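Colleague: Input: one structure, supplied below.
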Amino acid sequence: GQQVMQIPQYQHVQEGEDFTTYCNSSTTLSNIQWYKQRPGGHPVFLIQLVKSGEVKKQKRLTFQFGEAKKNSSLHITATQTTDVGTYFCAGQQSDSWGKLQFGAGTQVVVTP
Amino acid sequence: NAGVMQNPRHLVRRRGQEARLRCSPMKGHSHVYWYRQLPEEGLKFMVYLQKENIIDESGMPKERFSAEFPKEGPSILRIQQVVRGDSAAYFCASSPTDMAYEQFFGPGTRLTVL
């Protein structure tokens, strides 16, 4: 079955530094979504990528969808303490709409 | 417009008891999804429902777990004869459509089995 892998599992970042989290699917995806979950909270939607090679930006966050639609990345520049949380990618396939296959997440800790 | 509501927020059960988790989707959303999250892990899809129909239950354990989304009222995730391994956060999400659309998550129910 479809598997979504995400690395790294943990990311310790100094405030002001950049980091990237990567997501890889064993199968071609219809789209990929990114969510953020604060400690003790629930996942909150960040963005969706649909097209091959698509790049989207949200302020300091840059999201990419690979050409083969099997991998994705999230790059955060100039990390702030508000970026603390776990970032999940979630893939969706057209033969199982509704079902989001989540990666294990990257837990981000920011030190001032 | 209220978000997705789940209750209870915290639920404690002893082994062998039943757990009932409720989810009210956002207004106008007819698609409901349940996910389970073990500590320090990602979310695992359990089931996808529309009103009165189970669309995809490929993530549901074969025994003890059931879900429904009746014509009236909230969606219910029911766990019979709970065991310690059922301890987890259970999140419900909803969306107005299932095709390539974001899902809106509720605050979750934290189930603890003693």
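The values are calculated or read from the model by the stated rules, or taken from the named source; none is laboratory data. Just so it is clear, the structure is predicted and the values come from calculations on it, not from any experiment. Every residue, glycine among them, receives a Cβ derived from its backbone with ideal geometry; neighbour counts consider all protein chains shown. For accessibility, only protein heavy atoms count, side chains too; no ligands or nucleic acids. Shrake-Rupley method; radii C 1.70, N 1.55, O 1.52, S 1.80 Å.
Colleague: At q = 0.13, 0.15, 0.17, 0.22 Å⁻¹, work out log10 I(q)/I(0) for region A:1-110 with the Debye formula, treating every Cα as an identical point scatterer and leaving solvent out; two decimals please.
Modeller: -0.43, -0.57, -0.73, -1.19
Colleague: Normalising by the residue count of chain B, find the relative contact order in percent from Cα pairs under 8 Å and 6+ residues apart.
Modeller: Contact order relative to length: 37 percent.
Colleague: Could you check the simple spin-label distance between A:Q58 and B:M5, using points 7 Å along Cα→Cβ, in nm with one decimal?
Modeller: In this crude label model, A:Q58 to B:M5 measures out at 2.6 nm.
Colleague: Turning to a different aspect of this structure: According to the square roots a ≥ b ≥ c of the eigenvalues of the Cα gyration tensor, what is the shape class of chain B, taking rounded for a/c under 1.5, prolate for a/b larger than b/c otherwise, and oblate for the remainder?
Modeller: prolate
Colleague: In the structure shown, do any of A:K56/B:K71; A:K70/B:K44; A:K56/B:K44 have a Cα-Cα gap over 30 Å, and if so which?
Modeller: Pairs exceeding 30 Å: A:K56/B:K71.
Colleague: With point charges of +1 on the Cβ of Lys and Arg and -1 on the Cβ of Asp and Glu, referenced to the Cα centre of chain B, which listed residue (B:W34, B:S58, B:T112) lies farthest in the positive direction of the dipole?
Modeller: B:T112
Colleague: Then there is this: Keeping all protein chains in place, calculate the accessible area per residue for region A:1-51 (probe 1.4 angstrom), answer in Å².
Modeller: 51
Colleague: Please work out how much accessible surface B:F104 shows to a 1.4 Å probe, ignoring ligands, DNA and RNA, in Å² rounded to 10.
Modeller: The accessible area comes out at roughly 60 Å².
Colleague: How high is the FRET efficiency between A:D95 and B:K62 when r is their beta carbon distance and R₀ equals 22 Å, given to the nearest 0.05?
Modeller: Values: r = 22 Å, r/R0 = 0.99.
About 0.50, to the nearest 0.05.
Colleague: What percent do you get for the relative contact order of chain A when only Cα pairs under 8 Å and 6+ apart count? Kindly include the intermediate steps, with their values, before the conclusion.
Modeller: Working: 286 pairs, mean separation 41.4, N = 112.
Computed value for chain A: 37 percent relative contact order.
Colleague: Taking beta carbons within 10 Å but only from partner chains, what does the mean come to for residues B:93-101?
Modeller: What the average comes to for B:93-101 is 4.
Colleague: How large is log10 I(q)/I(0) at q = 0.07, 0.08, 0.14, 0.17 Å⁻¹ when the Debye formula is applied to the Cα atoms of the protein assembly as shown, each weighted equally and without solvent?
Modeller: -0.22, -0.29, -0.87, -1.22
Colleague: Further question on the same structure: Considering only C-alpha atoms, what is the centroid distance from region A:43-112 to region B:96-114, in Å?
Modeller: Cα centroid of region A:43-112 versus Cα centroid of region B:96-114: 18 Å apart.
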